[in-house]
Amino acid sequence: MLIKSTWRKSVPFAMTAGLLALTACSSGGDSGSGASESAPAGASASLPAIDPWAPLPEKTTISIFKVEPDGDPSFLALPEGETLTDNRYITDAEKKFNLDIQFPVVVKNAGAGDKANLMIASNDITDVMTVSYTQYRQMVDNDMLADLTQVYNSTFAP
């Protein structure tokens, strides 16, 4: 059961980190690098082939809007010395993907919606957030999100 639980926790984080890594890698590509020769079948010639599980070439900082459970998080049974924002999973992800993961916003669940609304209204959002559909639509309507379609199609859906 431990493996299944770890798998459920690590897959969404790894996918998010991978997509962020892809965005970071694809934005500074060299057009003369021969990307069209190494791109997966059906991929755009403008993006190089990318291994989504490889570390980034340079340290990249990502900011995460962290929502903690209401009340005492002791039910999570974290090992001694670890917290929800400083634990072995964060440390391993930072090492594996060459990331600097920061949590500039940490709120309890009850106040998360209001805090997210304020951040969206002020156009001051973190790189990673959990939002409602209404908040998502506000972000889309205000051009606050990056379109990752090309990156996704060239990397995850060859």
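All of the numbers you see were taken from the coordinates with simple rules; none came from a lab. If you're wondering where the values come from, they're calculated on a predicted model, not measured in any experiment. FYI the Cβ positions are ideal-geometry reconstructions off the backbone, even for glycines, and counts take in every protein chain you see.
Checking every one of the trypsin sites (Lys or Arg not before Pro) in segment 70-153 against DSSP loop status and a limit of 11 other Cβ atoms within 10 Å picks out no site at all.
Stokes-Einstein diffusion of segment 72-158 at 10 °C, 1.306 mPa s viscosity, Kirkwood radius from Cα pairs, rounded to a whole number: 101 µm²/s.
If you take every residue apart from Lys59 with its C-beta less than 12 Å away from the C-beta of Lys59, what net charge results, scoring Lys and Arg +1 and Asp and Glu -1? Taking every other residue near Lys59 into account, the sum is -2. Taking a sphere under 13 Å around the Cβ of Thr83 and counting the other residues whose Cβ falls inside, with K and R at +1 and D and E at -1, yields a net charge of -3. Annotation for segment 71-131: GluC sites (Glu not before Pro) lying in DSSP loop with at most 15 further Cβ atoms inside 10 Å of their Cβ are Glu80, Glu82.
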